[in-house]
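Chemist: Below you will find the structure I want to go over with you.
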Amino acid sequence: MGIRMIAGWCAGFVCMLLPFGANAQTEPRYPIKPVRLLVGFAPGGGSDILSRAVGQKLTERWGQPVVTDNRAGAGGTIAMELAAKAVPDGYTLLVVSGSQLTNAALVTRVPYDIQATFAPITQMTSQPYVLLAHPSLPVKSVKELIALAKSKPGALNYGSSGTGSSAHLGMELFKDVAKVDMVHVPYKGAGQAMIDLMSGQVQLLLASAISAMPQVKARRLKALGVTSSKRSGLLPDLPAIAEAGLTGYSVVGWYGLVAPAHTPPAIVQHINHQIAQILGSPDIREKLAADGIESAPSTPTQFRETITHEIEKWTKLVASSGMKL
């Protein structure tokens, strides 16, 4: 009887431990060494600032250095190629933007399948653009702009930070949905495009909120609407362009985090949970809001769907419009 009782106790004790063992297996022993965050652009840009802010928080949580590694060039594809060839162990990650992936697929045409090459971890931020107009343009709303453009086909123009940029594709989508014709004037960067808009060299421009709103408040430019599908929490008084009857119009910039394909799912989930907690903290949310950016963490599955949708949307637009990239 004593032996049976002991055997019963042992069996019960093992059963009690099984759930804890199962949970322990799902939590990876990670990280045990420094983690590298690749950024495809020079220091000081949006992806760099975000990478350093999040990296600092991860360093504090993990007790391991999380280092931003800027590999600028070729529209961000140099960093993408480094990440694609990295060992899929969670120690090399890539901060990406929507425009970076779109450019890689449509403009640079990288020799690999973007969606098969990377494992999405999480979207991190969301940033609507602001449709700006020079004060001399006789419109006060998106509806008035559409009416003016339809009355003068090909007479209006818009600037962008470059062919294939979010500002370019966003305005081409506007033309497609609104059924209007306007001339594209590409620049080598958003700064010069903004300068020429303020001087009246171009009439319209899609710009980030952080660069747009100071000029609007100073009455140097007019803001007609935001490009998100609904009003932005950061600019609640500015109507969404979609409110002008352009159902389905939505152009939102975002930053996200990916890993090389075949990175262990447990590590992907662990990083995802950590990033979600960081992006939910008041200090990070306030820091992002000051730059006109909203915190927007997602699950890996949701982020994969976002990437798929973005690439499909812009590929379809480029094909249907016949635009040259």
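The values are calculated or read from the model by the stated rules, or taken from the named source; none is laboratory data. This one's a predicted model, so the numbers in the text were calculated from it and none came from an experiment. Ideal geometry is used to build each Cβ from the backbone, glycine not excepted, and the neighbour counts take in all protein chains shown.
Chemist: Within segment 27-50, can you find the residues that are within 18 Å of Ile121 (Cβ to Cβ) and at pLDDT 95 or above?
Modeler: Tyr30, Pro31, Pro34, Val35, Arg36, Leu37, Leu38, Val39
Chemist: Still on this structure, please answer the following. In segment 192-211, which residues are more than 25 Å from Gly154 (Cα to Cα) and either outside the structural domain of Ser160 (by TED's automatic domain parsing) or not polar (S, T, N, Q) (or both)?
Modeler: Result: Ala209, Ile210.
Chemist: Just checking, does segment 274-283 include any residue being within 15 Å of the chain's Cα centre (by Cα), β-branched (Val, Ile, Thr) and under 17 Å from Pro128 (Cα atoms)?
Modeler: Within segment 274-283 (the criterion being within 15 Å of the chain's Cα centre (by Cα), β-branched (Val, Ile, Thr) and under 17 Å from Pro128 (Cα atoms)), the answer is no, since none of the residues qualifies.
Chemist: Looking at Asp113 and the list (1) over 28 Å from Arg29 (Cβ atoms); (2) crowded, with 23+ Cβ neighbours inside 10 Å; (3) not hydroxyl-bearing (Ser, Thr, Tyr), which single condition is not satisfied?
Modeler: Evaluating Asp113 over (1) over 28 Å from Arg29 (Cβ atoms); (2) crowded, with 23+ Cβ neighbours inside 10 Å; (3) not hydroxyl-bearing (Ser, Thr, Tyr) leaves (2) as the failure.
Chemist: Among the candidates Ala119, Ala105, Ala133, single out the residue that is in contact with a helix residue (DSSP H, G or I) (Cβ under 9 Å, 6 or more places away or on another chain), within 19 Å of Gly75 (Cβ to Cβ) and small (Gly, Ala, Ser).
Modeler: Exactly one residue qualifies, and that residue is Ala105.
Chemist: Going by the structure shown, is Leu132 under 22 Å from the mean Cα position of the chain (by Cα), surrounded by 19 or more Cβ atoms within 10 Å (Cβ to Cβ) and outside any loop (DSSP other than H, G, I, E, B)?
Modeler: Considered against the rule, which asks whether it is under 22 Å from the mean Cα position of the chain (by Cα), surrounded by 19 or more Cβ atoms within 10 Å (Cβ to Cβ) and outside any loop (DSSP other than H, G, I, E, B), Leu132 comes out as yes.
Chemist: Let me ask another. Quickly run through segment 151-194 and pick out the residues that are in a helix (DSSP H, G or I), of a type in the set (S, T, N, Q) and at pLDDT below 95.
Modeler: Of everything in segment 151-194, those that are in a helix (DSSP H, G or I), of a type in the set (S, T, N, Q) and at pLDDT below 95 turn out to be Ser166, Gln192.
Chemist: Within the bounds of segment 66-73, is there any residue that is modelled with pLDDT of 90 or more, touching a His at 6+ places or on another chain (Cβ under 9 Å) and of a type outside the set (D, E, K, R)?
Modeler: No - not one qualifying residue is present in segment 66-73.
Chemist: If you don't mind, there's one more thing I want to ask. Would you check if Val226 is modelled with pLDDT of 95 or more and more than 30 Å from Thr299 (Cα to Cα)?
Modeler: no
Chemist: Quick one: Ser126 ticks every box in (1) under 18 Å from the mean Cα position of the chain (by Cα); (2) assigned to a helix (DSSP H, G or I); (3) small (Gly, Ala, Ser) bar one, so which box is it?
Modeler: All conditions are met except number (2).
Chemist: Listed residues Ser229, Ser320; which is in contact with a helix residue (DSSP H, G or I) (Cβ under 8 Å, 6 or more places away or on another chain), surrounded by fewer than 13 Cβ atoms within 10 Å (Cβ to Cβ) and among the hydroxyl-bearing types (Ser, Thr, Tyr)?
Modeler: Ser320
Chemist: Taking segment 70-95 as the search range and keeping residues that are at positive phi and in a helix (DSSP H, G or I), which one is surrounded by the most Cβ atoms within 10 Å (Cβ to Cβ)?
Modeler: Top of the filtered list is Gly76.
Chemist: May I pose another question? Among the numbered criteria (1) closer than 17 Å to His134 by Cβ; (2) not assigned by TED's automatic domain parsing to the domain that holds Leu145, which single criterion is violated by Pro260?
Modeler: With respect to (1) closer than 17 Å to His134 by Cβ; (2) not assigned by TED's automatic domain parsing to the domain that holds Leu145, Pro260 is out only on (1).
Chemist: Does Val67 satisfy the criteria of being more than 29 Å from Pro128 (Cβ to Cβ), assigned to a strand (DSSP E or B) and not basic (Lys, Arg)?
Modeler: yes
Chemist: From the list Tyr249, Tyr255, exactly one residue is aromatic (Phe, Trp, Tyr), out of contact with any Gly (no Cβ under 8 Å at 6 or more places or on another chain), surrounded by 19 or more Cβ atoms within 10 Å (Cβ to Cβ) and under 21 Å from Gly98 (Cβ atoms). Which is it?
Modeler: Tyr249
Chemist: Tell me the residue from Leu148, Leu106, Leu131 that is within 25 Å of Leu204 (Cβ to Cβ) and either free of Cβ contacts under 8 Å to residues at least 60 places away in the same chain or of a type in the set (Ser, Thr, Tyr) (or both), please.
Modeler: Matching residue, one of Leu148, Leu106, Leu131: Leu148.
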